[in-house]
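Asks: Before I ask anything, let me first share the structure, which is written out below as structure tokens.
The values are calculated or read from the model by the stated rules, or taken from the named source; none is laboratory data. Small disclaimer: the values here were computed from a predicted structure and weren't measured. Cβ atoms come from the backbone with ideal geometry, glycine included; neighbour counts cover every protein chain shown.
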């Protein structure tokens, strides 16, 4: 049963406690009690990097080409009237009104006081608007959303449109325990490369939320804990860092297979708003 607007607002008032939990999760004793709540078994998120920093042998428009098939296959699409992160952080850089998109049967059960059911076409337009605003999509499947909204965990998927200044997941990567890093996984088939033009200036090092970059000698090196968010590529003053998609790999199919291990958002023949889904 979906949560009432009153319960949702009450949970939102507890938002500042999330940062306290992140910091306590780093402590040796109290952290041992908190860290299980950051387990990869109940949370997973994939950051979809913006198209400008991704290279491929084919013309692949990220993230639109990855998100629209999910929308077309979903049994329902629900858009929130606001972004929970930007609203609670009182974001000054990006609009609060570009809210999260929820997909699957669970989306149809969200309290209508928090947003509205939309057609697949409207969902695609919402994605496009978020991209044009400069927000970065993050695909998430988490018990937090399920509990907070009162929707079934196995029948929902969240697509957040994040800014670095307010995103709860990015805050968790920066402030939380190392266990939180395991929640965020790299997009399948995506690699991050440092080119010969690297000056070893170190500009990329502080922008990495998971401390995956270090300068060795006169060259930046990227470690295995990299999440492929693309912030380092955007920050590099000489454009020496590149994100590359593996040639010949169906990235969209790999992503859908990864999502289906946790949730099923597939349609029951027809979208609740009447928009026929793609086969």
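Asks: Of (1) more than 12 Å from residue 74 (Cβ to Cβ); (2) at pLDDT 95 or above, residue 119 satisfies all except one. Which?
Replies: All conditions pass for residue 119, except number (1).
Asks: Then there is this: Restricting to segment 94-124, name every residue that is part of a loop (DSSP other than H, G, I, E, B), at negative phi and touching a strand residue (DSSP E or B) at 6+ places or on another chain (Cβ under 8 Å).
Replies: The answer is 98, 99, 100, 110, 119.
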